[in-house]
1. Just to check your reading of the model, which residue among LYS131, LYS175, LYS168 is more than 13 Å from the ligand (Cβ to nearest atom), part of a loop (DSSP other than H, G, I, E, B) and open to solvent by 30 Å² or more (accessible area, probe 1.4 Å)?
2. Across the stretch 194-243, which residue is nearest to THR311 (Cα to Cα) among those that are of a type in the set (S, T, N, Q) and not in a helix (DSSP H, G or I)?
3. Collect the residues in the stretch 138-150 that are of a type outside the set (S, T, N, Q), in contact (Cβ under 8 Å) with a residue 60 or more places away in the chain and either away from the ligand (no atom under 16 Å from the Cβ) or assigned to a loop (DSSP other than H, G, I, E, B) (or both), keeping them in residue-number order.
4. Counting only residues that are away from the ligand (no atom under 14 Å from the Cβ) and out of contact with any Lys or Arg (no Cβ under 9 Å at 6 or more places or on another chain), which one in the stretch 201-222 is farthest from LEU124 (Cα to Cα)?
5. Report, by residue number, each residue of the stretch 72-95 that is in a helix (DSSP H, G or I) and open to solvent by 70 Å² or more (accessible area, probe 1.4 Å).
6. Go through the stretch 6-37 and count every residue that is of a type outside the set (S, T, N, Q), within 13 Å of the ligand (Cβ to nearest atom) and not in a helix (DSSP H, G or I).
7. Could you tell me whether any residue of the stretch 323-333 is open to solvent by 60 Å² or more (accessible area, probe 1.4 Å), of a type outside the set (Val, Ile, Thr) and touching a Ser or Thr at 6+ places or on another chain (Cβ under 6 Å)?
8. Here are GLU69, GLU98: which of them is surrounded by 15 or more Cβ atoms within 10 Å (Cβ to Cβ), among the charged types (D, E, K, R) and near the ligand (Cβ under 8 Å from one of its atoms)?
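The values are calculated or read from the model by the stated rules, or taken from the named source; none is laboratory data. In this text the structure is predicted, and so the values were computed from the model without any measurement. Backbone-built Cβ (ideal geometry, glycine too); neighbour counts: all protein chains shown. We work out accessible area using only protein heavy atoms, side chains counted, and drop any ligands, DNA or RNA first. Shrake-Rupley method; radii C 1.70, N 1.55, O 1.52, S 1.80 Å.
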Amino acid sequence: MRVLVIGGDGYCGWATALYLSNKGHEVGILDSLVRRHWDLELCVETLTPIAPIQQRLQRWQDITGKTIELFIGDITNYDFLKVALHKFQPDAIVHFGEQRSAPFSMIDREHAVLTQVNNVTGTLNILYAMKEDFPDCHLVKLGTMGEYGTPNIDIEEGYITIEHNGRKDTLPYPKQPGSMYHLSKVHDSHNIHFACRIWGLRATDLNQGVVYGVLTEETGMDELLINRLDYDGIFGTALNRFCIQAAINHPITVYGKGGQTRGFLDIRDTVRCVELAILNPAESGEFRVFNQFTEQFNVAELALKVKEAGTALGLKVTIENLENPRIEKEEHYFNAINTNLLDLGLQPHYLSDALIDSLLNFAVKYQQRVDKNQILPKVTWRR
Ligand code: NAD
């Protein structure tokens, strides 16, 4: 298949592009490289030294003989997007190309607007380009489990059947996003659903949990193929961030009580889930939603797991409960359904001590690159 990976220079996108290329698909990467720019602007850096995208792709070709076509540009620029799509002629578009940090979107009005314009306009442009010239192409769009919030009932995969006043219907599951970023994903979901209902496009919304891990078979082949790994207070996510904190002898930062429960998955499952979605496309007119995570943990539980694994490796690990910079429930019910991808054949890599060990060792290896000033959260949700 011809698969265009939008956001293919980022954490999930890079691993996915190489994985699909290795599997024999014809892969293209489209990316504006804006994430590297945001890092510079905020003075944060990935723990791992990532090479320029052109060097990464050259090394991939040298090692495997496989070519990945590169399109550098911004999908909010419709003319650029159309030209790239016409040149590449994708069967499937995998769309990772968004501003994906909740704290970034909550810095101030400018960052909220930037996030929503970047994300909503980019996705809308893809939908219009598909409507005009690629109506059979399958859009595989990265959403987030954070779209649902933390309702006091089970979270279904995108839709819920409701009986009301004696009548029954299956309707989109209610959304209660917790940041301006998560709101942008909800807006995207509505726009994509509309495009499927009204124009007959086909799309799969992958409501992904928090991704952890850094190595995949492909990104581990060579130092120049290394993936990014964020630890800072803006882009660092739970577990990845905790392992890096433990490795450099910084207290693990749990926000509030730590009872916040979320879905999580290994990056090796992210790439496989995307492949499963591509190989089993949605029907024309269908807006399909998969909850893409493999296990649920609360944040305090994860911190303890990292502490145990770190102590076993001889590290001195402490846990600190910080005042929560976010406004969110710290103790709540959370039970999300995730059977669609398992039914398609996903065999999860569950979180293991071995994985935590490997992340800790990775972090120890690159510890001299850590800027300790960037670890604590500086953005608050409060007025
Ligand atoms: P990332 O920041 O590492 O990568 C995103 C990439 O998209 C970057 O390379 C960036 O330059 C590119 N991009 C952004 N806006 C663009 C635009 N307008 N045009 C072209 N390229 C653009 O993020 P990630 O962690 O790989 O996340 C990828 C996707 O997965 C996001 O949509 C995110 O919401 C979703 N997701 C990620 C996680 C996670 O734990 N990392 C969890 C749930 C969902």
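1. Working: LYS131 fails: part of a loop (DSSP other than H, G, I, E, B); LYS168 fails: part of a loop (DSSP other than H, G, I, E, B).
After ruling out the rest, the residue left standing is LYS175.
2. Going residue by residue through the stretch 194-243, those that are of a type in the set (S, T, N, Q) are 204, 207-208, 216, 219, 227, 237, 240.
Narrowing the set further to residues that are not in a helix (DSSP H, G or I) leaves 204, 207-208, 216, 219, 227, 237.
Numbers: THR204: 42, ASN207: 34, GLN208: 30, THR216: 25, THR219: 28, ASN227: 26, THR237: 21 Å.
In this case the residue turns out to be THR237.
3. Within the stretch 138-150, HIS138, TYR148 qualify.
4. Only one residue fits best here, namely GLY220.
5. Across the stretch 72-95, the qualifying residues are ASP79, VAL83, HIS86, LYS87.
6. 10
7. yes
8. Sole residue among the options that is surrounded by 15 or more Cβ atoms within 10 Å (Cβ to Cβ), among the charged types (D, E, K, R) and near the ligand (Cβ under 8 Å from one of its atoms): GLU98.
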